[in-house]
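The values are calculated or read from the model by the stated rules, or taken from the named source; none is laboratory data. Just so it is clear, the model here is predicted, and its values are computed rather than measured. As a convention, Cβ positions derive from the backbone with ideal geometry for all residues, glycine included, and neighbour counts pool all protein chains shown. Quick note on the areas: whole protein, heavy atoms, side chains included, nothing else; ligands and nucleic acids left out. Shrake-Rupley method; radii C 1.70, N 1.55, O 1.52, S 1.80 Å.
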Amino acid sequence: EKGTHPHYMLKEIDEQPLVMRKIIQKYQDNDGELAIDGTIIDAIKAADRIYIIAAGTSYHAGLIGKQLIESMAKIPVEVHISSEFGYNMPLLSEKPLFVFISQSGETADSRAVLVQVKEMGHPALTITNVPGSTLSREADFTLLLHAGPEIAVASTKAYTAQLAVLAIVAEVAAKSRGVEIGFDLVKELGIVANAMEVLCDLKEIIEHIAREFLTVTRNAFFIGRAVDYYVSLEAALKLKEISYIQAEGFAGGELKHGTIALIEEGTPVIALSTQEKVNLSIRGNVKEVAARGAYPCIISMKGLEQDEDSFVLPAVHEQLTPLISVIPLQLLAYYAALHRGCDVDKPRNLAKSVTVE
Ligand code: F6R
């Protein structure tokens, strides 16, 4: 039931701090240590490479999962779009572990890959929100998102839940391999949950930004570098699917290799800056597009902010910024769709789970 919320999407955005706390609790053992099933740890330890397979928003979560697992656990990871995997099957390592990320657990494109790799005899883990779903039943192992039912077609709380579970997998994998990650993930995820709460209380500012930047435009660009690039892909997907604004996410450095030709007087460019190492370069990209008439909106993280920024995110651990930077971008898509009179929870041409290939 959506209760007092006008839309499921807004309710689900607001549930994210709660989901975060639930995930921390569900994945803690009696000693307060993060833990997952021993058989899954064994499968990760036995693997020489992880192949993440997913579609849409779950694919975007996978891109960030790769960063988390590689930097924390030092295991090589590849991420593949489910529907493309069959055509461009990569040369597999000797001991691959397949990880399927799927909110619904029913995505036909992902299932097709699962069937294929099971036939080849490889182990598979499904990370899903739906216990007993097809992908969960057919894989060897399952990790649950514990996000509660997601009703709105546009995925929000499942995405941040996927990121949290992937971070936990990375931490547990690191621990099992004797790799020191250098921070306390339980504590940092708690800080993330608090930051999410702060962000959910700042809706008016985001509504204002949506009105200013996205009420009449035909298109919009999101730019970022490093993990901010992956979040910008997700921000663009959210915006296009519910507001029908043509939106694209770009790596800041790629702009000059073609895309900058699209910038016109008044084109909205939303730039994300949550990483110290890219703060100056992304601001350089903002200057480039602004000089060509773009209308820039900078969303930065506390500690990196400058006077011209439109929105400043509360600080969280630098590896976990996608968990919170996506929230104003989800809200931006929501308010843009609302202002443009779109059906937020049931966008045209889309279904909640895509069970055809
Ligand atoms: C976008 C969205 C879709 C899904 C995709 C995969 O908001 O919801 O892009 O992420 O269809 O679905 P699952 O995760 O159920 O496999």
(message) Probe radius 1.4 Å, ligands and nucleic acids ignored: give me the carbon and sulfur share of the accessible area of the chain as a rounded percent.
(response) 50
(request) Please name which of Leu18, Thr4, Leu34 has its Cα lying farthest along the dipole of the range 1-43 towards the positive end, using unit charges on Cβ (Lys, Arg +1; Asp, Glu -1) and the Cα centre as origin. (result) Thr4
(request) Return the calculated 222 nm mean residue ellipticity for the chain, to the nearest 500 deg cm²/dmol, obtained by summing -39500 (n - 2.57) across DSSP H runs with n ≥ 4 and dividing by the residue count. (result) -14500 deg cm²/dmol
(request) Mind ranking 345-357, 277-289, 11-23, 134-146 by how tightly packed they are, going by the mean number of other C-beta atoms within 10 angstrom, highest first? (result) 11-23, 134-146, 277-289, 345-357
(request) Starting from the amide H of Phe250, placed 1.01 Å from N in the peptide plane, find each other amide H under 5 Å away whose residue is 5 or more places distant or on another chain. (result) Phe222, Ile223, Gly224
(message) Could you tell me which residue out of Thr107, Val179, Phe213 lies farthest along the dipole of the chain toward its positive end? Charges go on the beta carbon: Lys and Arg +1, Asp and Glu -1, centred on the Cα centre.
(response) Thr107
(request) Springs between alpha-carbon atoms under 10 Å, Gaussian network over the chain: tell me which of Ser310, Ser58, Ser232 tops the mean-square fluctuations. (result) Ser310
(message) Output needed for the range 242-357: three equivalent-ellipsoid semi-axes, defined as square roots of 5 times the C-alpha gyration tensor eigenvalues, in descending order, whole Å.
(response) 26, 19, 14
(message) Taking amide H atoms as placed 1.01 Å from N in the peptide plane, list the residues 5 or more away in sequence, or in a different chain, whose amide H sits under 5 Å from that of His80.
(response) Ile52, Ile53, Ala54
(message) For a quick size check, give me the Cα extents of the range 177-331 along its three principal axes, largest first, whole Å.
(response) 51, 33, 31
(request) Once you have all Cα-Cα distances for the range 87-232, histogram them in 5 Å bins from zero and send the whole-percent values. (result) 2, 7, 12, 15, 18, 17, 13, 9, 5, 3, 0
(message) Can you give me the angle between helix 321-339 and the longest principal axis of the chain, using Cα atoms only, in degrees from 0 to 90, rounded to the nearest 10?
(response) 50
(message) From the mean inverse distance of alpha carbon pairs (Kirkwood) and the Cα radius of gyration, derive Rg over Rh for the chain.
(response) 0.95
(message) Can you tell me the orientation of helix 227-243 relative to the chain, as the angle in degrees between its alpha-carbon axis and the longest Cα principal axis, to the nearest 10?
(response) 70
(request) Please report, largest first and rounded to whole Å, the three semi-axes of the ellipsoid equivalent to the range 265-330, where each semi-axis is the square root of five times an eigenvalue of the C-alpha gyration tensor. (result) 21, 13, 9
(request) Assuming 1.306 mPa s and 10 °C, estimate D for the range 14-83 with Stokes-Einstein, Rh taken as the Kirkwood radius over Cα pairs, in µm²/s. (result) 114
(message) At 1.4 Å probe radius, can you tell me the per residue accessible area of the range 292-357 in Å²?
(response) 44
(request) Between the alpha-carbon centers of the range 294-320 and the range 34-84, tell me the distance in whole angstrom. (result) 28
(request) Quick one: which residues, 5 or more positions from Phe311 or on another chain, have an amide H under 5 Å from its amide H? H modelled 1.01 Å from N in the peptide plane, none for Pro or chain starts. (result) Ile298, Ser300
(request) Please determine, in degrees from 0 to 90 and to the nearest 10, the orientation of helix 108-119 with respect to the longest principal axis defined by the Cα atoms of the chain, where the helix direction is its Cα long axis. (result) 30
(message) Suppose we look only past 22 Å in the calculated P(r) of the range 43-165. What percent of the Cα-Cα pairs does that tail hold?
(response) 26
